[in-house]
Amino acid sequence: MTIDFEGWACPLPLRDTPAIVMGHGGGGAMSGDLINHLFLPAFGDVALTDSAVVTAGTARLAFSTDSFVVRPMFFPGGSIGDLAVNGTVNDLAMSGATPLYLSAAFILQEGTPLPAVGRIATAMGEAARAAGVRLVTGDTKVVDFDSGDGVYVTTTGIGLVADGVDLGPHRATAGDAVLVSGPLGVHGVAVLSCRQGLEFGTEVRSDTAPLHGLVAAMLATGADVHTLRDPTRGGLAATLNEIAGAAKLGVELVERDLPVPAEVADACHLLGLDPLQVANEGKLVALVPPDQADRVLAAMREHPYGRDACRIGVCVAEHPGMVVARTGLGGTRVVTMPIGEQLPRIC
Amino acid sequence: MTIDFEGWACPLPLRDTPAIVMGHGGGGAMSGDLINHLFLPAFGDVALTDSAVVTAGTARLAFSTDSFVVRPMFFPGGSIGDLAVNGTVNDLAMSGATPLYLSAAFILQEGTPLPAVGRIATAMGEAARAAGVRLVTGDTKVVDFDSGDGVYVTTTGIGLVADGVDLGPHRATAGDAVLVSGPLGVHGVAVLSCRQGLEFGTEVRSDTAPLHGLVAAMLATGADVHTLRDPTRGGLAATLNEIAGAAKLGVELVERDLPVPAEVADACHLLGLDPLQVANEGKLVALVPPDQADRVLAAMREHPYGRDACRIGVCVAEHPGMVVARTGLGGTRVVTMPIGEQLPRIC
Amino acid sequence: MKYLDEFSDPDLAAGLLEQIHASVTRPWALMEVCGGQTHSIIRHGIDQLLPDGIEMIHGPGCPVCVTPLETIDRALAIAAQPDVIFCSFGDMLRVPGSGRDLFTVRSEGGDVRVVYSPLDAVRLARENPDREVVFFGIGFETTAPANAMTVRQARRLGLRNFSLLVSHVLVPPAIAAIMEAPRCRVQAFLAAGHVCSVMGTGEYPPLAAKYRVPIVVTGFEPLDILEGVRQAVGQLEAGRHEVRNAYPRAVRDEGNPAAMAMLRDVFEVTDRTWRGIGMIPGSGWRLAERYREFDAEHRFAVGDVRTAESPLCRSGEVLQGLLKPDECAAFGTRCTPRNPLGATMVSSEGACAAYYAYRRLS
Amino acid sequence: MKYLDEFSDPDLAAGLLEQIHASVTRPWALMEVCGGQTHSIIRHGIDQLLPDGIEMIHGPGCPVCVTPLETIDRALAIAAQPDVIFCSFGDMLRVPGSGRDLFTVRSEGGDVRVVYSPLDAVRLARENPDREVVFFGIGFETTAPANAMTVRQARRLGLRNFSLLVSHVLVPPAIAAIMEAPRCRVQAFLAAGHVCSVMGTGEYPPLAAKYRVPIVVTGFEPLDILEGVRQAVGQLEAGRHEVRNAYPRAVRDEGNPAAMAMLRDVFEVTDRTWRGIGMIPGSGWRLAERYREFDAEHRFAVGDVRTAESPLCRSGEVLQGLLKPDECAAFGTRCTPRNPLGATMVSSEGACAAYYAYRRLS
Amino acid sequence: MCLAVPGRVLSVVETDGTRMAEVDFGGVRKDVCLEYVPDATVGEYVIVHVGFAIQRLDEESAIRTLAGFARLGLLNEEFGERGTP
Amino acid sequence: MCLAVPGRVLSVVETDGTRMAEVDFGGVRKDVCLEYVPDATVGEYVIVHVGFAIQRLDEESAIRTLAGFARLGLLNEEFGERGTP
Ligand code: SF4
Ligand code: SF4
Ligand SMILES: [Mg+2]
Ligand SMILES: [Mg+2]
Ligand SMILES: [Mg+2]
Ligand SMILES: [Mg+2]
Ligand SMILES: [Mg+2]
Ligand SMILES: [Mg+2]
Ligand SMILES: [Mg+2]
Ligand SMILES: [Mg+2]
Ligand SMILES: [Mg+2]
Ligand SMILES: [Mg+2]
């Protein structure tokens, strides 16, 4: 394979690595660079978002894709199968869409036990039925032993966006309350607890869930919800930094209001991780005008997936693009965009 | 990772391998088993086709996904990037849809040179512009060195299906003429020619192309086109066997009418492969009522991607599910569904 | 391809067929020895065009089918070893050993590679000095010179990480064994043209004389097969039993002297078990003592393999033309190309696989 | 977590802060030795809450920052070898060597694994007898007992495939070096609590006496830091320079005798180059001669590494408190956490990285 | 450097000749080497760094320290807001 | 067994002490070992099996054979449809 460096003309303020490293997939700053400085220029004048809202004929559609490569494939509380369905359902839901259809494309490593594939497929079927979406088209490829790792699934979803619904960072406004639908870091800690070489005991179980019902309940209040996001890879830190960057607003969090369960905090302390950078599933962040926040919160708390919803901060006009947390002691700290992989620290 | 065999209840007349082998991804009989006996039962009551036609609001949509794992990533005449765009565009086109939007999900192996990723992205952007579709949403994951191989791309597409358009094996009828849009086996031979350990010299170059323009030209004749398919993985043999099986019809090919270029035939002879089982790109197979076949053929030949279109056979009521070819000598042979991988033979 | 396409010409085929039809007065059973010929017959539908009385019996000339189960199991054991790069022709990957095949080994992480030429394996050994490279050297006399060259090259290049797992089989002893079988129905042989390209025709006159069968050295293209049939039927109708060369463009009576010299140097004759058939004395080649350092069987301690052939499989009788595949109870039910019980169901020129595809039509 | 959360209590913090504010009459420059303390200060915004006159200077106590470039380059060279499983704490993967880091090596196929504990590396060596397992044994006195245990275990288990790439650094010689620096501004030290958990407090009185600086052994939670500051400021205001233990729940004056005995057995004192700072005599530990068989530097021929530190980087001055990060010309332009030129920009407690995140706000 | 956290010993075992403990960190449990704090018993707290207990946690001292901080707060209150910014 | 095809020698080289040829199979080109047909020259046809030339193709004989088949056809025509099914 010879590479034609001439034929490839992307301006590249990518980190000085001439090659892909794990950090490019971490959902943080390096992922962002790859998108902004490599894919976008190549694809042309498009906005590559988590979920696009497009028009087909007379219909307004949300359209979103995600590849799922989580290791291990089975973890306390779920599997890559649940994630693959709920992850895409939630990306659609964050556009305010009613998810309708999913596709599923599998890249299987040869040697993967068929029962494992079957169990993942079964989990996907069940998750789809639970979410009320239909898996309607698919694809299967097999790669050799050295070129894969069990099962990778890419799901893509189509949802219907009602007229008038317009959600996104572009609508965020200084003063908006920042809400979160439930405890943070739970999924990430559950997966870490059974990652090879890191195993630790914990009662924490992944809490993946489809969120479009919760979103519908929030929109049904009539409140003018501005922005919704599911803080998955890179955690709340990545999501809020992305929103702040796109909206050119600052975000101020109040640390003591963050719903970080004790077990998540303790696991993070043990490993030297920041719970705000740990991945979530089945959670959403909402930006809502301050006077409507209580109404939205009340509706969220009535929904099974929003029972522990709470307000965690506010959007501000100051320090645009930056997320700041007021610490328990009354100081402030910058909540930075995670750079690459989350790794346990010794110091 | 412990596998819960209990929780997995698929009836499994899969080949006696307890694990995935390369053949499960070959697009032939083993791929079919995996879909029919593992994914379908798990996903529930759905028809997992190459491309689904669904309704969203008032719009009729075609929806299709494919993962692209072709090795090498760059080959004479194209790259995995062109394939990823045109492959999905064509799956949509085979439903008679006008392709509108694509998503792209990347699974990158760490260590992949950024210029290679850039070149693939550039090829995708160019192919999308050429096809008149927009890449609107995406995702990037990175897997470790041992768990991937360069770039895998999953594209998913949405297309709009005009009212009245209804294509598929369910419409195939005994008597239908079988048409093909151009020379067979070209893409597969181009890729094989630079596959590791098999390298051979050839002038053959991959001829991937978006086919919805050709399809539009065919439909514009007013002919009642019954079925369209792009004979990719598994070649014409797999596609026609699939159609024959789904339509419960026989297919009769006339070998001397098959447009197999001499170079393709010679490469296949050298390696002991059947050109009908070699992958194609940028080609389609059409089933058309016999009295309208000439009209459709004429329209195809006016289109740049159908210049060499020809009639290769006929659907028959006999031997349903089976594809038979009349040989040059006047005998017949069964054109079987490829089983697994295509491998060079010594005998 | 020049000198290939011409030998598929339908008009010339019609002429040959007419001649055959014209000359046949009663039923004859002919065996095409070589799997490649079987493939060509099925591929072009030649058997359907022959007179009803002419029965083509598919011979044992498919190395994929007859390589002994022990050898396959040894290959699987070697290929599964972590340091080994196991190289094979593509055909062999789906041949079932006792319960698994090379595909399975590969899917479990074994480094199994398909090569086009045996020299590719030698190249891999040079490129991977820290790995053991093993080439699965199977085949008939045609393939033997290519396989022989690997050890010659390995020695010349001083490679210490290359070895050959050899299981060569020889056509003339198999012809004798078939003729000796109690229920043998074969009345004439189409001998394997490419075997004769290497070995010449000298081994056949004694066989023709002893068993009083015509032996026609035959090529692989449709016209070649028809010409072989025409000459065989001609002899049968005339009551003759001679050796004739119907493939003179590729076969000289003396064979290929350079190749034969190499074979004498590298290999030595041995008794060989043919899968399904059993032991045929003097029917195989193994590496000569002087190349023992390149013998994978010696290098890897996998001599003591216990094999288990499916008790249902009757491929031995099929291979000898004693049983038609569809007379086997497992045919099409327990045994299909997807899930073969015997090797004859694996390769596309295996008699059972050929029957399976064909029978569906009738 | 019990005995952790209590030491973050905001009300108690307010009380401590009030005391500090009350007692300060003029500016003081305090150095927290340990990167963990730096992290805690930044993480909780403690520096913003201290009186304006109190300046916290970030010390060199981040092993990620000070591990010498030669050692990193050696690690990269070893990790790139095909037979090696290279194990490291997560922090070390992004530390730039001369032009690359362990992430790069891994992305090129090197088998680099992040472990939680050094014993995980020993386990890997037992599980992979055909691979060389190397553990990157960096750190201060706190980590040394854990690293020492690996070679003890490896010997006991008879492992011949395990080795340790050692680069330990020691706190007291660094304190001396900082005080000896011509432009030194440090007036008191918060000593590293967990170092003292292992080593006790015995090494500090001579330093306090010689340099006439208060040294307060300090923990890592917000209240611990505040208490350390309170005690240090109290001494400064009173003109005293004593050693005090403000972290008694985890530090005994005599340290951990079992651990210290192990350290005496496994390691021996050596001169050590600190990245950015230069050689500090007697400031490191290397494997003792009797454990030479487990020394990765001896086992792998990578002694002759040529290193190239960025000429722009002034992290040495930063580490000694002689320069504020934003006074470095490369700061925030050529050098960012995304693309660090020096190790102090890598780790989240590196002074430059901490400054980078903080400065953006002001 | 030297991230170390206090955890409570849940159980002690000798594995392969090494003294190991299961240690609880408020719900999260991890196996920890106890060779350097060999006389730590079940129920006691130890300070754990990279999988090793490096010291006992002196509970009495911890409580005393916290009590001292609390007294400091009361003291401040008593004497008013002297010097606060 | 023994898939073998005729190809035309395009060029001959000695590589690493082995006689190799580039052989053309109607546009497809492959490197082939020429050790067993060492005197084959550029332009000649050889029969190739698994990357080895195992024999020369005798062009004269090929043409003669084809001519024979053609005569057979003429003969059949001359003598009518005797015995055809
Ligand atoms: S059909 Fe199958 S079981 Fe029967 S003889 Fe043939 S290979 Fe053996
Ligand atoms: S800012 Fe960067 S270059 Fe400057 S001293 Fe810090 S690490 Fe070195
Ligand atoms: Mg998405
Ligand atoms: Mg997502
Ligand atoms: Mg999302
Ligand atoms: Mg597909
Ligand atoms: Mg690989
Ligand atoms: Mg598709
Ligand atoms: Mg497709
Ligand atoms: Mg298709
Ligand atoms: Mg995504
Ligand atoms: Mg792997």
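The values are calculated or read from the model by the stated rules, or taken from the named source; none is laboratory data. Computed from a predicted model, the values in this text were never measured in an experiment. With ideal geometry, Cβ positions are generated from the backbone for all residues, glycine too; neighbour counts draw on all protein chains shown.
Checking the condition more than 7 Å from chain A (Cβ to nearest Cβ) and either over 30 Å from B:ARG171 (Cβ atoms) or of a type in the set (S, T, N, Q) (or both), which residue from B:ILE107, B:ILE120 passes?
Values: B:ILE107 fails: more than 7 Å from chain A (Cβ to nearest Cβ).
None of the others qualify; the one that does is B:ILE120.
Look at C:SER348 and say whether it is within 14 Å of another protein chain (Cβ to nearest Cβ), at pLDDT below 80, farther than 14 Å from C:TRP274 by Cβ and within 21 Å of the chain's Cα centre (by Cα).
Details: within 14 Å of another protein chain (Cβ to nearest Cβ): yes; at pLDDT below 80: yes; farther than 14 Å from C:TRP274 by Cβ: yes; within 21 Å of the chain's Cα centre (by Cα): yes.
When the stated conditions are applied, C:SER348 passes them.
Restricting attention to the stretch A:105-149, which residues are more than 27 Å from A:ASP166 (Cβ to Cβ), away from ligand 6 (no atom under 16 Å from the Cβ) and part of a strand (DSSP E or B)?
A:GLN109, A:PRO113, listed by residue number.
Please state which of the following conditions D:ARG100 fails to meet, knowing it meets all the rest: (1) touching a Ser or Thr at 6+ places or on another chain (Cβ under 6 Å); (2) not in a helix (DSSP H, G or I).
Failed condition: (1).
Can you give me the number of residues within the stretch A:67-94 that are acidic (Asp, Glu) and closer than 24 Å to A:GLY201 by Cβ?
Step one: filter the stretch A:67-94 for residues acidic (Asp, Glu), giving A:82, A:91.
Keeping just the survivors that are closer than 24 Å to A:GLY201 by Cβ gives A:82.
Qualifying residue count, the stretch A:67-94: 1.
Quick check on the stretch B:100-121. Is at least one of its residues within 16 Å of ligand 9 (Cβ to nearest atom) and either closer than 23 Å to B:ALA220 by Cβ or among the aromatic types (Phe, Trp, Tyr) (or both)? Full working, then the answer.
Let us first name the residues in the stretch B:100-121 that are within 16 Å of ligand 9 (Cβ to nearest atom), namely B:102-105.
From what's left, either closer than 23 Å to B:ALA220 by Cβ or among the aromatic types (Phe, Trp, Tyr) (or both): none.
Looking for residues that are within 16 Å of ligand 9 (Cβ to nearest atom) and either closer than 23 Å to B:ALA220 by Cβ or among the aromatic types (Phe, Trp, Tyr) (or both), one finds none in the stretch B:100-121, hence no.
Out of B:GLU242, B:GLU263, B:GLU281, B:GLU199, report the one residue that is within 27 Å of C:HIS39 (Cβ to Cβ) and away from chain F (no Cβ under 14 Å). Give the steps one after another, and end with the answer.
Values: B:GLU263 fails: away from chain F (no Cβ under 14 Å); B:GLU281 fails: within 27 Å of C:HIS39 (Cβ to Cβ); B:GLU199 fails: away from chain F (no Cβ under 14 Å).
Exactly one residue qualifies, and that residue is B:GLU242.
Take the stretch E:1-34 and flag every residue that is among the charged types (D, E, K, R) and either crowded, with 19+ Cβ neighbours inside 10 Å or within 14 Å of chain A (Cβ to nearest Cβ) (or both).
The initial filter retains those residues of the stretch E:1-34 that are among the charged types (D, E, K, R), namely E:8, E:14, E:16, E:19, E:22, E:24, E:29-31.
Of everything in the stretch E:1-34, those that are among the charged types (D, E, K, R) and either crowded, with 19+ Cβ neighbours inside 10 Å or within 14 Å of chain A (Cβ to nearest Cβ) (or both) turn out to be E:ARG8, E:GLU22, E:ASP24, E:ARG29, E:LYS30, E:ASP31.
May I ask you to say which residue of A:ASP166, A:ASP230 is closer than 30 Å to D:GLY90 by Cβ, more than 16 Å from ligand 2 (Cβ to nearest atom) and not aliphatic (A, V, I, L, M)? Outline the logic, then answer.
Working: A:ASP166 fails: closer than 30 Å to D:GLY90 by Cβ.
Exactly one residue qualifies, and that residue is A:ASP230.
Taking the stretch D:167-185 on its own, how many of its residues are under 14 Å from the mean Cα position of the chain (by Cα) and either in a strand (DSSP E or B) or buried (at least 23 other Cβ atoms within 10 Å of the Cβ) (or both)? Spell out the reasoning first.
Looking only at the stretch D:167-185, we keep the residues that are under 14 Å from the mean Cα position of the chain (by Cα), and these are D:167-175.
Narrowing further to those that are either in a strand (DSSP E or B) or buried (at least 23 other Cβ atoms within 10 Å of the Cβ) (or both): D:167-169, D:171, D:174-175.
Qualifying residue count, the stretch D:167-185: 6.
From the residues in the stretch C:186-235 that are under 13 Å from C:PRO172 (Cα atoms) and among the charged types (D, E, K, R), which one is surrounded by the most Cβ atoms within 10 Å (Cβ to Cβ)?
Top of the filtered list is C:GLU203.
Among the candidates C:ARG43, C:ARG26, which residue alone is surrounded by fewer than 23 Cβ atoms within 10 Å (Cβ to Cβ), among the basic types (Lys, Arg) and in contact with a strand residue (DSSP E or B) (Cβ under 9 Å, 6 or more places away or on another chain)? Before the answer, list the steps.
Values: C:ARG26 fails: in contact with a strand residue (DSSP E or B) (Cβ under 9 Å, 6 or more places away or on another chain).
Just one listed residue meets the conditions, C:ARG43.
Does A:LEU135 meet the test of being within 19 Å of the chain's Cα centre (by Cα) and surrounded by 24 or more Cβ atoms within 10 Å (Cβ to Cβ)? Outline the logic, then answer.
Working: within 19 Å of the chain's Cα centre (by Cα): no; surrounded by 24 or more Cβ atoms within 10 Å (Cβ to Cβ): yes.
So A:LEU135 does not fit the description; no.
If I ask for residues that are within 12 Å of ligand 6 (Cβ to nearest atom) and either β-branched (Val, Ile, Thr) or within 9 Å of chain A (Cβ to nearest Cβ) (or both), which ones from the stretch B:64-104 would you list?
B:SER64, B:THR65, B:ASP66, B:SER67, B:PHE68, B:VAL69, B:THR88, B:ASP91
Go through the stretch B:24-62 residue by residue and tally those that are facing another protein chain (nearest Cβ under 8 Å), outside any helix (DSSP H, G or I), at pLDDT 80 or above and touching a helix residue (DSSP H, G or I) at 6+ places or on another chain (Cβ under 8 Å).
Number satisfying all stated conditions: 1.
Which of (1) touching a residue at least 24 places away in the same chain (Cβ under 8 Å); (2) facing another protein chain (nearest Cβ under 8 Å); (3) closer than 30 Å to A:SER147 by Cα is the odd one out, the single condition C:SER107 does not satisfy?
(1)
Among the helices (runs of 4 or more DSSP H) contained in the stretch C:250-350, which hold 2 or more residues that are surrounded by fewer than 18 Cβ atoms within 10 Å (Cβ to Cβ) and more than 16 Å from ligand 4 (Cβ to nearest atom)?
C:257-266
Considering only the stretch D:1-60, how many residues are part of a loop (DSSP other than H, G, I, E, B) and either out of contact with any Lys or Arg (no Cβ under 9 Å at 6 or more places or on another chain) or of a type in the set (Asp, Glu) (or both)?
Residues of the stretch D:1-60 part of a loop (DSSP other than H, G, I, E, B): D:1-4, D:9, D:24-27, D:45, D:50-53.
Going one step further and asking which of them are either out of contact with any Lys or Arg (no Cβ under 9 Å at 6 or more places or on another chain) or of a type in the set (Asp, Glu) (or both), we end up with D:1, D:4, D:9, D:24-27, D:50-52.
Within the stretch D:1-60, residues that are part of a loop (DSSP other than H, G, I, E, B) and either out of contact with any Lys or Arg (no Cβ under 9 Å at 6 or more places or on another chain) or of a type in the set (Asp, Glu) (or both) number 10.
Here is a check on your reading of the model: is B:ALA127 more than 7 Å from chain A (Cβ to nearest Cβ) and either in contact (Cβ under 8 Å) with a residue 60 or more places away in the chain or within 16 Å of ligand 10 (Cβ to nearest atom) (or both)?
yes
Can you tell me which of A:LEU249, A:LEU214, A:LEU276, A:LEU236 is within 13 Å of another protein chain (Cβ to nearest Cβ) and crowded, with 24+ Cβ neighbours inside 10 Å?
Numbers: A:LEU249 fails: within 13 Å of another protein chain (Cβ to nearest Cβ); A:LEU214 fails: within 13 Å of another protein chain (Cβ to nearest Cβ); A:LEU236 fails: within 13 Å of another protein chain (Cβ to nearest Cβ).
Of the residues listed, the single one that is within 13 Å of another protein chain (Cβ to nearest Cβ) and crowded, with 24+ Cβ neighbours inside 10 Å is A:LEU276.
Which residues, taken from the stretch A:291-322, are buried (at least 21 other Cβ atoms within 10 Å of the Cβ) and either assigned to a loop (DSSP other than H, G, I, E, B) or at pLDDT below 95 (or both)?
The answer is A:ALA309, A:MET322.
When you go through D:ALA191, D:ALA146 one by one, which is the residue that is in contact with a strand residue (DSSP E or B) (Cβ under 7 Å, 6 or more places away or on another chain), within 19 Å of D:MET262 (Cβ to Cβ) and within 14 Å of chain E (Cβ to nearest Cβ)? Don't jump to the end; show me each part of the working.
Working: D:ALA191 fails: within 19 Å of D:MET262 (Cβ to Cβ).
It is D:ALA146.
Can you tell me which residues in the stretch B:251-290 are basic (Lys, Arg) and either in a helix (DSSP H, G or I) or on the phi > 0 side of the Ramachandran plot (or both)? Let's see the steps before the verdict.
Just the residues of the stretch B:251-290 that are basic (Lys, Arg), to begin with: B:256, B:283.
Residue satisfying the conditions is B:ARG256 alone.
Look at A:ILE107 and say whether it is within 16 Å of ligand 8 (Cβ to nearest atom) and either in contact (Cβ under 8 Å) with a residue 12 or more places away in the chain or over 23 Å from A:GLU341 (Cα atoms) (or both). I'd like the intermediate steps shown before the answer.
On the way: within 16 Å of ligand 8 (Cβ to nearest atom): yes; either in contact (Cβ under 8 Å) with a residue 12 or more places away in the chain or over 23 Å from A:GLU341 (Cα atoms) (or both): yes.
Considered against the rule, which asks whether it is within 16 Å of ligand 8 (Cβ to nearest atom) and either in contact (Cβ under 8 Å) with a residue 12 or more places away in the chain or over 23 Å from A:GLU341 (Cα atoms) (or both), A:ILE107 comes out as yes.
Of the conditions (1) closer than 30 Å to A:HIS226 by Cβ; (2) away from ligand 8 (no atom under 16 Å from the Cβ), A:ILE80 fails just one. Which one is it?
Result: A:ILE80 passes all but (1).
Name the residue that is farthest from the chain's Cα centre (by Cα), counting only residues in the stretch D:3-23 that are surrounded by 19 or more Cβ atoms within 10 Å (Cβ to Cβ) and charged (D, E, K, R).
It comes out as D:GLU18.
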